[in-house]
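The values are calculated or read from the model by the stated rules, or taken from the named source; none is laboratory data. Computed from a prediction, not measured in an experiment: that's the story for all the values here. Note: ideal-geometry Cβ built from the backbone for every residue, glycine included; neighbour counts use all protein chains shown.
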Amino acid sequence: MKDVVIIGAGPVGLFAALLLDQQGITVDLYERWPTFYPLPRACGVDHEIIRQLQGLGLMDELEPLLEPVMGPGKNYEFQDANYETLLKIDWNRPGASGWAQMNMFYQPEVEAMMLRRLQASPNVTIHHGRELVSFEQGDDNVSLTFAETEKPENRFAAKARYVIGADGARSTVRDVMGITPIDLGFAYDWLVVDVVPHDKERVWSPYVIQHLDPRRPTTLVGSGPNRRRWEFMRLPGESIEELNSIDTTWKLLAPWDINRENATVERHTVYTFRGTWADQWKQGRVMLAGDAAHTMPPFLGQGLCAGMRDAFSLSWRLGLILGKGASEQLLETYGPERREHVCEIIRQAVEIGRMICMLDPAQVGARDRQMKAAMNDPSLGTKPPPEPRLGFAGMYLITDDHAGFLSVQGNVRHKGREGLFDDVAGKGWQLLMRSADNAMAMDQASLQFVEDFAVAVADFGPDGDTRDLDGVYSAWFDRLGVEVVLVRPDFYVFGTSSVKDVNALVQAAQCAIGPIALHHEVPRMAFAG
């Protein structure tokens, strides 16, 4: 019996397997298709996801595969039918996690990189051509039945302590659980075209364009080094078959100076952009992640990001339960905190989608005037993708206004080593302090927590062991107005405190994690979980 069965070997399933493997957890990974899908789907991730991949030690391989949205002309612009700028979104800057705010990539290359790592691990077994039929839950395990995709009469049994359903928008796991997604009623068909321009020196500026022409709303975006993607909305009365023909594809690309002589169309297919989420993400020992739990329009570039956050949120919890004997109650906070977080992003993506998909001339005119007026307000014109707070039933100090939000990462000098914080000071739990007296304030129980969970402790005080080389942490502490920050393994803030309250902060984390001996009682109300 394996520790975890993951159903679905797309990017979310592969990422979850890597995270669990890193913690020594055994994994069976099941994929219904006989081989991995060789064509791109997602094409971008934000700074937070790059930091997650950094923690897996993948950056030497990954960085050459990325195209950071940084540098002259790499803006996200909304344009009207005459190509005049309506609004600019400022993605052209560093993100809080120490990487570019947005990073474009070619999905098959990144998946192949993750797959190579998994194939070399003794903890992970990958099963191709196996489709889930059913599962039954016992007191301490889940029994699953799979069918061979090409010969459904051939059945296979598996057993695991936990199951992650990462099997996409048409999730079999979700269907077996009997969960019907909540639908926001946003549904538009778009032709997605992946192009390899032959001229590798061509400069694309603006880098991302939403061409809000009511005759055919169109998106242009990078999709990795030397690649571009176009997305064309299906118009009323137009059939999917007509739109999805190669002749139509070349006709639609022509206004952008893309033709058979100067480019190769790698893929063209029609997707229905939707905004949905599952109201329930966990039943017993079975959890949903990625598109099985939620779908969103692509206009904020957050679809894959949300799925990878799910995988990370699950993996550190399962690591504590399977590796440290922590309480299974940790899993009860997974769905509520992730659901509310992703719902906020979905709502914003749908709101932008409704604006982009607008066809009525009067509505389009009013929209364009409103967007042009907004350009005069910097607060409206420079918004990056949203980074909302985790849901209120999450595993963090709900009474702390700073908890449940993403932390930062900067370059530091820590005990003689220089680099990004996670690389030189340590990933996992992080206890960040700005006063040199903080370490002296920790009692034996807090020090035991630091030892038990390999907490990366960094003292940014004048006489501390860590120097803030870029001013990232100094600005962050000033903004929060606190002296101590405890950060979870997924980089979200568990809680903050003053020097004198550091032990209460650490003990609240001990209590939230589970069966850790406490030296004094911590009120249950201290944290959301």
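Structure notes:
- Going through (1) under 20 Å from the mean Cα position of the chain (by Cα); (2) surrounded by fewer than 21 Cβ atoms within 10 Å (Cβ to Cβ) one by one, residue 297 falls short only on (2).
- Answer from 397, 390, 314 - the residue that is assigned to a helix (DSSP H, G or I) and buried (at least 16 other Cβ atoms within 10 Å of the Cβ): 314
- Residue in the stretch 250-269 that is at pLDDT 95 or above, touching an Asp or Glu at 6+ places or on another chain (Cβ under 6 Å), within 23 Å of residue 354 (Cα to Cα) and surrounded by fewer than 21 Cβ atoms within 10 Å (Cβ to Cβ) present: no
- Segments classed as strands (runs of 3 or more DSSP E), wholly inside the stretch 1-74, with at least 2 members that are of a type in the set (D, E, K, R): 2-7, 27-31
- When residues in the stretch 141-169 are screened for being in contact (Cβ under 8 Å) with a residue 60 or more places away in the chain and in contact with a strand residue (DSSP E or B) (Cβ under 8 Å, 6 or more places away or on another chain), 16 of them pass.
- Among the residues of the stretch 193-245, those identified as of a type in the set (Val, Ile, Thr) and either within 28 Å of the chain's Cα centre (by Cα) or in the same structural domain as residue 109 (by TED's automatic domain parsing) (or both) are 193, 195, 196, 208, 209, 218, 219, 221.
- So residue 474, is it assigned to a loop (DSSP other than H, G, I, E, B) and either touching a strand residue (DSSP E or B) at 6+ places or on another chain (Cβ under 8 Å) or farther than 30 Å from residue 322 by Cβ (or both): no
- Every condition in (1) part of a strand (DSSP E or B); (2) over 15 Å from residue 299 (Cβ atoms) holds for residue 209 except the one numbered (2).
- The residues of the stretch 146-163 that are in a strand (DSSP E or B) and either farther than 20 Å from residue 35 by Cα or of a type in the set (Asp, Glu) (or both), listed by number, are 148, 157, 158, 159, 160, 161, 162, 163.
- Residue in the stretch 34-52 that is at positive phi and surrounded by fewer than 21 Cβ atoms within 10 Å (Cβ to Cβ) present: no
- Note on the stretch 73-120: residues that are small (Gly, Ala, Ser) and buried (at least 17 other Cβ atoms within 10 Å of the Cβ) total 5.
- Top-ranked residue in the stretch 53-72 [being more than 18 Å from residue 410 (Cα to Cα) and among the charged types (D, E, K, R); ranked as surrounded by the fewest Cβ atoms within 10 Å (Cβ to Cβ)]: 60
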